[in-house]
1. Between residues in the range 269-283 that are within 18 Å of Glu300 (Cβ to Cβ) and among the aromatic types (Phe, Trp, Tyr) and residues that are outside any loop (DSSP other than H, G, I, E, B) and modelled with pLDDT of 90 or more, which pairs lie under 7 Å by C-beta distance while being six or more apart or on different chains?
2. Show me the helices (runs of 4 or more DSSP H) found entirely inside the range 1-112 where at least 3 residues are more than 26 Å from Lys341 (Cα to Cα) and out of contact with any helix residue (DSSP H, G or I) (no Cβ under 9 Å at 6 or more places or on another chain).
3. Would you point out which residue out of Glu182, Glu234, Glu208 is among the acidic types (Asp, Glu), open to solvent by 30 Å² or more (accessible area, probe 1.4 Å), assigned to a loop (DSSP other than H, G, I, E, B) and in contact (Cβ under 8 Å) with a residue 12 or more places away in the chain?
4. Looking at the range 370-379, can you tell me whether even one residue there is within 20 Å of Leu305 (Cα to Cα), open to solvent by 70 Å² or more (accessible area, probe 1.4 Å) and out of contact with any helix residue (DSSP H, G or I) (no Cβ under 7 Å at 6 or more places or on another chain)?
5. Any residue in the range 305-321 that's closer than 15 Å to Phe348 by Cβ: show its pairings with residues that are among the hydroxyl-bearing types (Ser, Thr, Tyr) and buried (at least 17 other Cβ atoms within 10 Å of the Cβ) at Cβ separation under 7 Å, as long as the two are six or more apart or on different chains.
6. For the range 155-169, which residues satisfy the criterion of being out of contact with any helix residue (DSSP H, G or I) (no Cβ under 7 Å at 6 or more places or on another chain), open to solvent by 50 Å² or more (accessible area, probe 1.4 Å) and part of a loop (DSSP other than H, G, I, E, B)?
7. Suppose we keep only residues that are closer than 24 Å to Thr284 by Cα and of a type in the set (Asp, Glu) within the range 391-423. Which one would you say is modelled with the highest pLDDT?
8. Mind checking which residues of the range 281-306 are more than 16 Å from the chain's Cα centre (by Cα) and at pLDDT 90 or above?
Amino acid sequence: MATKLVNLNAAGIDISSKEHVVAVPEDRSKRSVRTFQGFTRDLHDLAKWLKDCKIETIAMESTGIYWFDLYTILLDYGFEVYLVNAYHVKNVPGRKSDVSDARWLQELHTFGLLRGSFQPDNLTRSLRNYVRQRKSIIRQITRETQRMQKSLEQMNIKLNNVIRDINGKTGTAIITKILEGERDPKTLAQYRDWRIKASEETLIKSLEGNWREEQLFNLRIAYEHYLFLQNQLERCDLESQKVIQKMTNDAFAKREVSKVKKSKNNPKFNVSQYLYEVLGVEVTNIYGIKEITALTIFSETGINLKEKFPTEKQFLSWLNVVPNNKITGGKVISSKVKRKKNRAGQAFRDAAGSLWAAQNPIGDYIRRKKAKSGGKQAVVATARKLAAIYYKMVTQKVEFDPKYINKNKEEYLRNRLIQLQKLKEKTEILLNDYNNVA
């Protein structure tokens, strides 16, 4: 039986930090396998050699971050580039070398057996970088806040027990005055904001401590680093705003989207407004999808969702919010969600996890799922529902409609009522039979 060749002009590249091994069909060059260094000049030589070999499509492994520069250069030269998961292209046992890996990739791609990983456009990639950097900065801010709390605690300053957030208005004012040299608890307590629930007397007691010089030094270092990170966060938000402005679509009707209530570490610009101008729908109306969650999802998936994921099933599978069914002999032998990282999928899970106590249909759904299957399965199932709603809104340009979800809830309640009535009838029959026997 003849094997069908799908990509006659295919090449395979084995990626590493120092050099890249490239394999082309044996009839294209005297040396069908060549090694190029990882320097920029060598990457351009690699691309020119592939052009001379009449190559049109290329497969390479997604190894660390070393693929990125070569990937972008090959795209600039007009090649179709498949970035494939290394797990999917495991080599034949007993033949492990860079040359054999490159040749194996080339052969698999020639027969059309490889699938390319999702890759966003350049603007989306830029936004993704800023949003990921933003998350990293927030984690650093959390660590510096913990260091400030530790320094205060080691001086027996119980400020953290009295106010909810030491980075709030009251906490910031008091820490600033402490670092300026103020030690009198009564004077420091005067900077108490009227919204603080603790009394002034309790606040004064919390500020009576042992002022140790080494801990004051640690407090100063942590606070100055915290201020620096806050400045970095604002700069990151500014760059994100510039990128989203370039994405705005004039085809969508302009309308004002109200900014959500200000929250700690939220972007300073109106994310909901910009996302509406880009996508044409207000995705922040979805239950659990806050501004920063919506921005994270958008930065990972991009604008052309239908083009990248033609079907909803493909999108949900990529997000890793559906089971990976393994079927053999007509039987399902495994049905588990894969353990793999996906930032967009994690954002949907975080959104689902925020709805445990929500008084809305999605909140009811996650609580039902938890009662039936447990907490982890409930979060994944709810994340899948949220992702399906997001996909439909973005691809079909329809606004979020809670009535549709309520309709499903009403149908569930009707079916549940029918089940309970049947159970009641069955129980009554059994009781009557038992009484007759007795």
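The values are calculated or read from the model by the stated rules, or taken from the named source; none is laboratory data. Everything quoted here is computed from the prediction, not taken from an experiment. Here Cβ is always computed from backbone atoms with ideal geometry, including for glycine, and neighbour counts include all displayed protein chains. With ligands, DNA and RNA removed, areas are computed over all heavy atoms of the protein, side chains included. Shrake-Rupley method; radii C 1.70, N 1.55, O 1.52, S 1.80 Å.
1. Cβ pairs passing all conditions: Tyr274/Ile244.
2. 40-52, 98-110
3. Just a single option satisfies the conditions, and that option is Glu208.
4. Taking the range 370-379 first, the residues within 20 Å of Leu305 (Cα to Cα) are none.
No, that holds for no residue.
5. Leu305/Tyr391; Leu305/Thr395; Glu312/Tyr391; Phe315/Tyr391
6. Passing the criteria: Asn156, Arg164.
7. Among those residues, the one meeting the criterion is Glu399.
8. Val281, Glu282, Asn285, Ile286, Tyr287, Lys306
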